[in-house]
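Input: a single structure, listed below in structure tokens.
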Amino acid sequence: MAEHAHTTAHESEADDAADELGPVYGIMGYFESPADLYHACEEIRDAGYKQFDAQTPFPVHGLEKAMGLPPTKLPFFVLGGGAAGLSGGIALTWYVNWDYPLNISGKVPFSWQIYIPVYFELTILLSALTCFFGLWALCKLPTFFHPTMRHKAFPRTTDDAFFVVIEAKDPKYDASSARKLLEKLGAKEIEEVHS
């Protein structure tokens, strides 16, 4: 009876500690080399997981393909920004010539050829600004805290460790099967991280 009460008290303390940390974000571990991480991401993708991420100290070529990530939408945003800059430049130069026409060298009031530098500069300006702010928006920056930072070995992600986290929001997520998969792949220091 006393043994049962001790076990129940221990489980209650573990539940209280988990409640203090918040809901489970996912299960996380790290690998020693980029090749190990690449292979692990392929295996996790092939196991049917869609919501997982990798953190590395430097870019790992081809990792996005190993993870099954779709191509970025950023080029379409940049194209839209450039088109807005070009059309805005054309509208601006047309308006100033319509409002205050000048006869320069016998040219028609709206002679678009002389405004090519304006069109070029506005196209480049809005493309660059859209790229800069669009990248921040797509990457959800600035992010001052991420649940993966709670992993005890996370500081190594800027040095020599290659982390992978399988997120709890994945429809296929089950803590024990995800842990077994990471163990099979050779991940080290596997632990749950909380939001």
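The numbers here are math on the coordinates, done by the rules we state, and not lab data. Note that the structure is a prediction, hence the values are computed from the model and not measured. In this analysis, Cβ positions are derived from the backbone assuming ideal geometry, glycine residues included, and neighbour counts consider all displayed protein chains.
Odds and ends about this structure:
- Charged neighbours of Glu32, selected by a Cβ distance under 9 Å, balance to -1 (K, R count +1; D, E count -1).
- Net charge contributed by nearby residues that have their C-beta within less than 15 Å of Glu64 (K/R +1, D/E -1): +2
- Legend: translational diffusion of the chain by Stokes-Einstein, Rh = Kirkwood radius over C-alpha pairs, 25 °C, 0.890 mPa s; D = 116 µm²/s.
- Net +/- balance of residues flanking Lys169 in space, Cβ distance below 12 Å, scoring K and R +1, D and E -1: -1
- Exposure here means at most 12 other Cβ atoms within 10 Å; with chymotrypsin sites (Phe, Trp or Tyr not before Pro) in a DSSP loop as sites, the longest stretch of the chain lacking them is 1-143.
- Charge dipole of the range 59-195 (Cα centre as origin; +1 on each Lys and Arg Cβ, -1 on each Asp and Glu Cβ, all else neutral): 240 debye, rounded to the nearest 20.
- Distance from the alpha carbon centroid of the range 95-131 to that of the range 41-84 works out to 38 angstrom.
- Here the Karplus curve 6.51 cos²θ - 1.76 cosθ + 1.60, taken at θ = phi - 60°, turns the phi angles of the range 173-189 into couplings of 5, 9, 4, 6, 5, 5, 4, 4, 5, 5, 5, 4, 7, x, 5, 10, 6 Hz, with x standing for Gly and Pro.
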